[in-house]
Amino acid sequence: MKVLVIGGGGREHALAWKLAQSPRVHKVFVAPGNGGTALDPRMANVPISDVAALADFAQTEKIGMTVVGPEVALAAGVVDEFRARGMRIFGPTQAAAQLESSKAFAKDFMKRHKIPTAAYETFSDAAQAHAYVDEMGTPIVIKADGLAAGKGVVVAMSLDEAHQAVDWMLLDNKLGVQHNADGARVVIEEFLVGEEASFIVMVDGRNILALATSQDHKRLLDADQGPNTGGMGAYSPAPVVTPNIHAKVMQDIIRPTVDGMRRDGIPFTGFLYAGLMIDAKGGVKTLEFNTRMGDPETQPIMMRLKSDLLQVLQHATDGTLDQVTLDWDRRVALGVVMASAGYPLDPKKGDAIRGLPAETEDCKVFHAGTATATGPNGSVVTSGGRVLCVTALGDSVRNAQQRAYDAAQGIQYAGMQYRHDIGYRAIKRTQQV
């Protein structure tokens, strides 16, 4: 079978890598792909991003399964287009993808269906937003109502920072937000205290299949300092998600969301990602929804998945996820994101990457912002903010961490930056037990 993965980041490389391992898959097309997918003989990059053109390609190539990686394609209605042509695709419709593409839609949905989340107000008028910030004080969270490649959230610890974020999102659009039809809006939320975790499930419209838990590191610098990014590393499983918390999330957040979307006439299919805040007493609230796999959470999750991903996707598109039991590697997987100079606001591109290690059974470098340079040597160069995700398996978080950082140390390109403490929360938690 031929398979198509839509997207070109680290998440898509990991999905394509896993799908290529299925004995029933003989070619994985990645649109548009990156330098890593270009170098894998089992994969072929397709320089297409337009929705109709993607559907045309899938029809011409007789693609048997398509899986959507990025939020932009979902918000553009790629699932609706493929389904209208009778093709098998896994992802939410354009209407269902509003859970991610519109923070205001998601917050109103959660309020309506009594799904625990932070208190909030929505604003399109900057003066009113500024007045609300002054009234509420800090810390406070400012979110752009639109897609911003993981950079549309500012956790403001000072009034100056909060007011600047409002102006960035409503007036200047320095974060490059893809505004929704009703123009620029911000959601301003109460600041929640606790530990974050990523809870990702697959949904076929009714049935829910939970994936392995994971934890992302959003801040650019060690010890969770610096600006928010799309994610600087992740590991799986996340020990903060205990069996009791797992059951609570399924009962209070995931199931009501899937049932609520169906009752609202917008049945949800695809990957559903709930960003969680877990407090010291085990209380859980929803920070946000994504309507696709997380990045960089996908990389460690795919490293741990032992089941045939193609078979799982076929059940998901047939509406039979209740018949699936996933098989996971018992080991920990940990991924370290290597970013370019200037990331997240002004990433530098075009720098040659040297020292990429060969893939081993317990270590894999997934590409994100890379491209193959023209010329006889076919070298790999940086082409985006998050460049690579060095992902390793180990018997413990510390063991996986050591392997990932050992591999990362041999990689070189100008201005590279990465955190040196991915997994520190899990290590700290095990030390406390």
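The values are calculated or read from the model by the stated rules, or taken from the named source; none is laboratory data. Nothing here was measured: the structure is a model prediction, and the numbers come from that model. Counting neighbours? That spans all protein chains shown, and the Cβs are built from the backbone with ideal geometry, glycine included. Side chains included, ligands, DNA and RNA excluded: accessible areas come from the protein's heavy atoms. Shrake-Rupley method; radii C 1.70, N 1.55, O 1.52, S 1.80 Å.
Miscellaneous remarks
- Selection from region 380-396 of residues that are small (Gly, Ala, Ser) and closer than 17 Å to Asp362 by Cβ: Ala392, Gly394, Ser396
Residue-by-condition table, conditions (1) in a helix (DSSP H, G or I); (2) in contact (Cβ under 8 Å) with a residue 12 or more places away in the chain; (3) not basic (Lys, Arg):
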{"position": "Gly265", "(1), (2), (3)": "no, no, yes"}
{"position": "Lys281", "(1), (2), (3)": "no, no, no"}
{"position": "Thr286", "(1), (2), (3)": "no, yes, yes"}
{"position": "Asp295", "(1), (2), (3)": "no, yes, yes"}
{"position": "Leu313", "(1), (2), (3)": "yes, yes, yes"}
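- Among the residues of region 387-401, the one identified as under 21 Å from Met416 (Cα atoms) and outside any strand (DSSP E or B) is Gln401.
- Pairs where the first residue, in region 1-25, is assigned to a strand (DSSP E or B) and among the aromatic types (Phe, Trp, Tyr) and the second is crowded, with 24+ Cβ neighbours inside 10 Å and modelled with pLDDT under 95, C-beta under 8 Å, 6+ apart: none
- Of all residues making up region 279-290, the number that are under 28 Å from Gly205 (Cβ atoms) and out of contact with any Phe, Trp or Tyr (no Cβ under 8 Å at 6 or more places or on another chain): 5
- Residue that is surrounded by the most Cβ atoms within 10 Å (Cβ to Cβ), among those in region 329-363 that are assigned to a strand (DSSP E or B) and small (Gly, Ala, Ser): Gly335
- Test: Gly231 is in contact (Cβ under 8 Å) with a residue 12 or more places away in the chain, in a loop (DSSP other than H, G, I, E, B) and open to solvent by less than 40 Å² (accessible area, probe 1.4 Å): yes
- Remark: Ile301 falls outside the filter, which requires a residue to be touching a Leu at 6+ places or on another chain (Cβ under 8 Å), of a type in the set (Val, Ile, Thr), under 20 Å from Asp40 (Cβ atoms) and open to solvent by 10 Å² or more (accessible area, probe 1.4 Å).
- Criterion: open to solvent by less than 30 Å² (accessible area, probe 1.4 Å), modelled with pLDDT under 90 and in a loop (DSSP other than H, G, I, E, B) - qualifying residue of Leu170, Leu192, Leu175: Leu175
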